[in-house]
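Just below is one structure, and these are the notes that go with it.
The values are calculated or read from the model by the stated rules, or taken from the named source; none is laboratory data. Model, not experiment: these values are computed from the prediction. Ideal geometry is used to build each Cβ from the backbone, glycine not excepted, and the neighbour counts take in all protein chains shown. The accessibility values were calculated without ligands, DNA or RNA, using every heavy atom of the protein model including side chains. Shrake-Rupley method; radii C 1.70, N 1.55, O 1.52, S 1.80 Å.
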Amino acid sequence: LVRLRQRLARSQSPLGRGLLALLSRDVIDEDTWEEIEDLLITADVGVAPTQELVARLRTRVKVEGVSSASVQDILREELVTLVDPSLDRSLAVDRKDGKPAVVLVVGVNGTGKTTTVGKLARVLVAEDKQVVLGAADTFRAAAAEQLATWGERVGVPAVRGPEGSDPASVAFEAVRTGIEQEADVVLVDTAGRLQNKAGLMDELGKVKRVIEKQATVTEVLLVLDATTGQNGLQQARVFREAVDVTGIVLTKLDGSAKGGIVVAVQRELGVPVKLVGLGEGADDLAPFDPAAFVDALMG
Ligand code: GDP
């Protein structure tokens with residue numbers, strides 16, 4: 001959490017700086033409210049959530065007659081509410097019915113899927129879990145290579161197939177290996193070609209069905225690049241329709257001023273952000289904590 005705070009603080013946070021500047025004014029007038037709205041929208045909070053938030057803020061300021069100094073506290077509170085601390089963000093990574101838990105990691109290529117699988121393996125290994133990786137992104141030759149490298153780095157086996165082989169059969173093999181080795185978790189990296197929705201649905205559906213012949217898919221994590229804004233959201237919707245997503249991993253939050261996308265993503269998809277990517281390194285994955293996140297966002 002400390003790291004999350006530091007990383008986000010280091011990212012140029014125009015939201016934090018801008019809000020502080022606005023809220024330190026003596027008088028909060030129409031222009032101030034508009035500027036607050038602009039800042040939140042620029043940070044990708046989304047138009048509707050922003051308008052609701054500012055409306056609530058204005059009402060509270062009026063009703064509670066607060067000083068402009070406390071507006072900051074109210075804004076903090078309202079932002080935390082918007083991020084929704086009541087959502088269950090735990091990861092289902094315990095063995096189930098005497099078999100390994102299977103975590104499917106999906107998302108568009110380039111969002112940070114493979115890196116996330118590697119980092120997550122590291123987190124799980126640190127929790128004394130036995131992990132097996134499955135390189136079901138058979139479309140990109142480099143993807144399997146990259147995953148194998150992560151496996152070596154973290155010290156866990158990576159199951160891969162020949163380039164262009166059936167992703168479902170690689171996933172099947174990975175789960176078989178996981179069962180054989182009595183692993184706790186099998187992490188399956190998938191391909192993220194968005195060529196057409198039907199193709200994607202077919203592929204992910206098949207991968208999931210084939211896995212479920214042997215074990216339970218306990219989590220489907222959708223990886224989203226925080227820097228892609230509305231475009232990323234659009235892609236996320238397609239995945240949401242293709243497969244039952246249980247959690248979001250928001251990557252590249254380091255160096256992004258677009259942290260507000262957390263709010264938009266959860267609203268749009270109705271799925272909690274469970275993890276955040278804060279860099280390219282092995283330790284740069286953190287559980288998502290709403291209060292710490294808002295603190296970091298506001299600086
Ligand atoms: P994939 O195609 O979805 O599997 O994406 P990769 O895992 O290959 O990642 C694409 C690029 O994004 C790589 O250069 C990663 O190092 C980088 N990356 C992944 N996650 C993060 C993150 O949280 N922060 C930053 N700054 N870069 C990331």
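Extending 7 Å from Cα along the Cβ direction at Asn231 and again at Arg76 yields two label points whose distance is 3.5 nm. One decimal place: the segment Asp97-Glu182 gains 29.4 nm when fully extended, by the rule 0.36 nm per residue minus the C-alpha distance.
Can you give the net charge of the other residues whose Cβ lies under 10 Å from the Cβ of Ala282, counting K and R as +1 and D and E as -1?
Details: positive: Lys119, Arg122, Arg153; negative: Glu280, Asp283, Asp284.
Computed value for this residue: 0.
Think of a 1.4 Å ball rolled over the protein heavy atoms: the chain then has 43 Å² of accessible area per residue.
Contact order normalised by length for the chain, with contacts defined as Cα pairs under 8 Å and 6 or more residues apart; what percent is it?
On the way: 583 pairs, mean separation 81.1, N = 299.
Relative contact order comes out at 27 percent.
Would you mind calculating the relative contact order of the stretch 197-299 from Cα pairs under 8 angstrom and at least 6 residues apart, reporting the percent as a whole number?
On the way: 133 pairs, mean separation 23.5, N = 103.
Value for the stretch 197-299: 23 percent.
Of the solvent-accessible surface of the chain, computed with a 1.4 Å probe over protein heavy atoms with every protein chain present, carbon and sulfur atoms account for 49 percent.
Here Lys99 is the anchor, and the aspartates and glutamates within straight C-alpha reach of less than 12 Å, apart from those fewer than 8 places off in the same chain, are Glu180, Glu182, Asp184, Glu212.
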